[in-house]
């Protein structure tokens, strides 16, 4: 989970930021962060309105929002966007819990990806005494 201040990437790294997120995929982005170099980039699309069959938006399923961020340095961008047809991640949070910064989304992803610090102990079978 994250703590600290979310911020925009520096303007001089804008082109590198766009390149880092240019591929298709899921929430984990394989490129290193242009700001800090960490392998901690993520993205998330939230579909607000699905296109009707008559809207003819080839390659896109509807309109929504896009977050791109680095979990390590907390650089992020937030956009209104067309949601691509290749995006197949289920909705993580209700729209009412989404904000401009990706903090709530990152918290949900961190719980899904990172194992608990102290996993619960599994009970051992009791031996039979007779």
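The values are calculated or read from the model by the stated rules, or taken from the named source; none is laboratory data. Since the model is a prediction, treat every value here as computed from it, not as a measurement. All Cβ positions, glycine included, derive from the backbone under ideal geometry; neighbour counts span all protein chains shown.
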Let me spell it out: the conditions are (1) surrounded by 14 or more Cβ atoms within 10 Å (Cβ to Cβ); (2) part of a loop (DSSP other than H, G, I, E, B), and residue 99 meets all of them except one. Which number is the exception? (1)
What tally of residues in segment 73-87 results from selecting those that are closer than 14 Å to residue 43 by Cα, at pLDDT 95 or above and outside any strand (DSSP E or B)? 1
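Matching residues to (1) in a loop (DSSP other than H, G, I, E, B); (2) modelled with pLDDT under 95; (3) out of contact with any strand residue (DSSP E or B) (no Cβ under 9 Å at 6 or more places or on another chain):
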residue: 12; (1), (2), (3): no, no, yes
residue: 36; (1), (2), (3): yes, no, no
residue: 42; (1), (2), (3): no, no, no
residue: 47; (1), (2), (3): no, yes, no
residue: 69; (1), (2), (3): no, no, no
residue: 89; (1), (2), (3): yes, yes, no
Look through segment 1-10, keep the residues that are at pLDDT 95 or above and assigned to a loop (DSSP other than H, G, I, E, B), and return whichever of them is farthest from residue 99 (Cα to Cα). 10
Among (1) more than 18 Å from residue 7 (Cα to Cα); (2) surrounded by 13 or more Cβ atoms within 10 Å (Cβ to Cβ), where does residue 49 come up short? (2)
Criterion first (surrounded by fewer than 17 Cβ atoms within 10 Å (Cβ to Cβ) and either touching a residue at least 40 places away in the same chain (Cβ under 8 Å) or under 16 Å from residue 109 (Cα atoms) (or both)) does residue 54 satisfy it? no
Scope segment 25-46; condition surrounded by fewer than 12 Cβ atoms within 10 Å (Cβ to Cβ) and either closer than 16 Å to residue 107 by Cα or over 13 Å from the mean Cα position of the chain (by Cα) (or both); matching residues: 37
Restricting to segment 57-80, count the residues that are within 19 Å of residue 9 (Cα to Cα) and either touching a residue at least 24 places away in the same chain (Cβ under 8 Å) or surrounded by 12 or more Cβ atoms within 10 Å (Cβ to Cβ) (or both). 14
